[in-house]
1. Kindly evaluate Gln283 against the criterion of being crowded, with 16+ Cβ neighbours inside 10 Å and more than 12 Å from the chain's Cα centre (by Cα).
2. Out of Ala251, Ala265, I need the residue that is under 15 Å from Ala344 (Cβ atoms), in a helix (DSSP H, G or I), at pLDDT 95 or above and among the small types (Gly, Ala, Ser). Which one?
3. Looking at the stretch 338-354, is at least one residue modelled with pLDDT of 95 or more, surrounded by fewer than 17 Cβ atoms within 10 Å (Cβ to Cβ) and more than 30 Å from Glu226 (Cβ to Cβ)?
4. Within the stretch 173-190, work out how many residues are in a helix (DSSP H, G or I) and buried (at least 24 other Cβ atoms within 10 Å of the Cβ).
5. Is it fair to say Trp304 is modelled with pLDDT of 95 or more, closer than 28 Å to Pro224 by Cβ and either of a type in the set (Lys, Arg) or surrounded by fewer than 18 Cβ atoms within 10 Å (Cβ to Cβ) (or both)?
6. Identify all residues within the stretch 195-207 that are assigned to a helix (DSSP H, G or I) and over 14 Å from Arg144 (Cβ atoms); write none if there are none.
7. In the stretch 88-101, is there at least one residue being over 28 Å from the mean Cα position of the chain (by Cα), modelled with pLDDT of 90 or more and part of a loop (DSSP other than H, G, I, E, B)?
8. Scan the stretch 167-196 residue by residue and report those that are among the small types (Gly, Ala, Ser) and either closer than 17 Å to Leu236 by Cβ or without any contact (Cβ under 8 Å) to a residue 40 or more places away in the chain (or both).
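The values are calculated or read from the model by the stated rules, or taken from the named source; none is laboratory data. If you're wondering where the values come from, they're calculated on a predicted model, not measured in any experiment. As a convention, Cβ positions derive from the backbone with ideal geometry for all residues, glycine included, and neighbour counts pool all protein chains shown.
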Amino acid sequence: MKIYLVGGAVRDRLLGLAPQDRDWVVVGATPAEMIARGFRPVGKDFPVFLHPETNEEYALARTERKTGPGYHGFQFHAAPEVTLEEDLRRRDLTINAMAMDEQGRLIDPYGGQEDLRQGRLRHVSEAFAEDPVRILRVARYAARYGKWGFRVAHGTHRLMRQMVENGEVDALVPERVWQEMERALGEPTPSRFIEVLRACGALAKVLPEVDRLFGVPQPKHWHPEEDTGVHVLMVLDQAARLTADTRVRFAALVHDLGKGTTPEAEWPHHLAHEDRGVRLVEQLCARMRVPNEHRDLALLVTRWHGHYHRAQEMRAATLLKTLEALDVFRRPERLELYLMACEADARGRPGFEEAERPETALFLRAHAAACSVGAKEVMAAGFAGAAIKAELHRRRVGAIKAALGQADGEEEA
């Protein structure tokens with residue numbers, strides 16, 4: 001029996017990163033021998049065991065054979081005669097197909113270390129084409145290592161495109177796409193996830209609402225980048241600079257979906273794109289079973305991001321209306337998330353990446369002013385029933401006016 005550290009832990013060590021998880025492969029053993037040594041079996045499809053002390057996963061070396069479409073149709077073979085090289089060959093990328101023995105010596109039969117040096121994401125074998133999830137994984141690794149300039153190898157890109165053309169991607173269930181996408185949204189350069197999927201044609205299959213944005217023009221005066229798809233990727237990376245919260249990053253990705261349905265005759269303007277976008281975000285989230293917290297913020301940002309950009313022009317009543325629509329008086333934490341997504345939207349344009357956004361401070365002052373007036377104060381003044389809500393609204397408008405230095409006058413509805 002020989003035991004090897006494999007996969008991401010080896011890759012991260014070579015990159016100088018602290019491994020998040022450690023996985024092990026056992027060569028030359030049977031399930032009975034593992035159990036006799038105190039390992040606890042947990043694998044359903046193939047023999048995987050938990051170490052009796054560390055609880056880390058130890059898998060018997062195995063090979064696999066494609067038996068059906070999609071990513072479930074595989075038959076696994078684990079036996080003492082399966083070699084380490086055979087086990088590594090079934091992995092997706094060369095940088096994940098390395099191992100270390102118990103003395104710390106590197107086993108690298110497929111050139112993973114050199115691909116790390118070259119910043120190259122390259123498939124191990126043609127078996128890569130048997131699992132469409134690997135397209136998503138490559139895109140996710142591009143998002144993780146994009147800051148170091150990692151690129152998809154030409155041969156791997158060609159193979160991914162062939163998989164799309166052959167319909168392999170059609171077998172992906174939306175929930176699985178979301179799992180990989182949420183992880184990619186948490187990476188340092190999440191825009192690379194979208195770029196890689198679009199380059200091989202997979203984006204049109206898994207996120208057609210986003211793919212549709214590319215090539216759609218916007219007014220150059222406000223958007224020097226012009227292309228809506230390019231803008232959305234810039235917004236996504238600006239959101240990644242502001243926060244690690246994937247709820248904000250998802251909202252940044254989908255906030256302009258409505259522009260993809262603007263009739264060409266109306267280009268480059270996109271009147272009422274917010275309302276159209278809300279419907280598209282609802283459909284996308286339902287299809288992919290996006291968690292409620294991500295969905296709710298995305299819907300709010302999609303509907304109300306225009307109000308952020310016009311904040312300096314809006315009167316107190318409209319600012320209060322926006323705050324009420326965001327439900328920030330019951331959920332104050334939501335305001336910060338909304339403001340980060342909108343600030344990313346404002347910065348996601350060439351030349352505006354480092355610009356200060358006074359709209360953020362304005363919204364925060366308006367919120368603080370409105371919160372200074374409470375329902376108890378109104379009731380203490382003798383108001384009751386429906387009159388409480390009306391008087392609370394009136395007083396909050398007045399507080400916002402005072403905080404922002406707005407003059408009294410006719411208010412917007």
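1. For Gln283, the condition - crowded, with 16+ Cβ neighbours inside 10 Å and more than 12 Å from the chain's Cα centre (by Cα) - is not met.
2. Ala251
3. No: the stretch 338-354 contains no residue that is modelled with pLDDT of 95 or more, surrounded by fewer than 17 Cβ atoms within 10 Å (Cβ to Cβ) and more than 30 Å from Glu226 (Cβ to Cβ).
4. Result for the stretch 173-190: 3.
5. Here the answer is no, as Trp304 does not meet what is asked.
6. Leu197, Arg198, Ala199, Cys200, Leu203, Ala204, Lys205, Val206 - these are the residues of the stretch 195-207 that are assigned to a helix (DSSP H, G or I) and over 14 Å from Arg144 (Cβ atoms).
7. Yes, some residue in the stretch 88-101 is over 28 Å from the mean Cα position of the chain (by Cα), modelled with pLDDT of 90 or more and part of a loop (DSSP other than H, G, I, E, B).
8. Those that are among the small types (Gly, Ala, Ser) and either closer than 17 Å to Leu236 by Cβ or without any contact (Cβ under 8 Å) to a residue 40 or more places away in the chain (or both): Gly167, Ala184, Gly186, Ser191.
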